[in-house]
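K.L.:
Here you go, one structure.
The values are calculated or read from the model by the stated rules, or taken from the named source; none is laboratory data. Owing to the predicted nature of the structure, the values given are computational and were not obtained by experimental measurement. Here the Cβ is made from the backbone with ideal geometry for all residues, glycine too, and neighbour counts use every protein chain on show.
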Amino acid sequence: MRALIQRVREASVAIDAEVVGSIDAGLLVFLGLEPDDTLEGGEKLLERILNYRVFGDEQGRMNRSLRDVSGGLLLVSQFTLAADTSRGLRPGFSTAMAPDMAEPLFQQLYDYLSKVHPPSAGGRFGADMQVSLVNDGPVTFLMDAR
């Protein structure tokens, strides 16, 4: 499981020009699922993200978490994060979790996130989404659940 995390001033996701999820200041998280990923591992990763200190304190140091600043979290499924890019000129997707397994896992993770961090929103699994954001910093991190 891979998560690309971006600290944002605002972010939204639209499908067919209809906004289906949006947040003000917080984190935009793109989530890529791999075949061996589990709900337990995903919940641990989400907890780490919620507590990861990427927001500035009074001295401008990254010492505050999303929970500390009561920021929003926009969760977007992105299978391309699980792509094999180690060789050639085209990504391979055999390293990504099959959609029929990934969709329910992504939904379970989103449901968990909604319970433990209510200022959350999400995209729609498998949809052609347009994501808009204002990256704050820019601050971007890639996390693995391993």
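K.L.:
Does the stretch 39-59 contain any residue that is at pLDDT 95 or above, exposed (fewer than 14 other Cβ atoms within 10 Å of the Cβ) and under 23 Å from ASP128 (Cβ atoms)?
P.N.:
Taking every residue of the stretch 39-59 in turn, none turns out to be at pLDDT 95 or above, exposed (fewer than 14 other Cβ atoms within 10 Å of the Cβ) and under 23 Å from ASP128 (Cβ atoms).
Matching residues to (1) among the aliphatic types (A, V, I, L, M); (2) in contact with a Ser or Thr (Cβ under 8 Å, 6 or more places away or on another chain):
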| position | (1), (2) |
| --- | --- |
| GLN59 | no, no |
| ARG67 | no, no |
| GLY72 | no, yes |
| LEU75 | yes, yes |
| THR85 | no, no |
| ASP100 | no, no |
| SER114 | no, yes |
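K.L.:
Report the residue count in the stretch 90-121 for those that are surrounded by 12 or more Cβ atoms within 10 Å (Cβ to Cβ), free of Cβ contacts under 8 Å to residues at least 40 places away in the same chain and among the polar types (S, T, N, Q).
P.N.:
Residues flagged as surrounded by 12 or more Cβ atoms within 10 Å (Cβ to Cβ), free of Cβ contacts under 8 Å to residues at least 40 places away in the same chain and among the polar types (S, T, N, Q) within the stretch 90-121 amount to 2.
K.L.:
Separate question: When you go through (1) under 19 Å from GLN6 (Cα atoms); (2) at pLDDT below 95; (3) among the hydroxyl-bearing types (Ser, Thr, Tyr) one by one for SER65, which number turns out not to apply?
P.N.:
So SER65 meets the others, but not (2).
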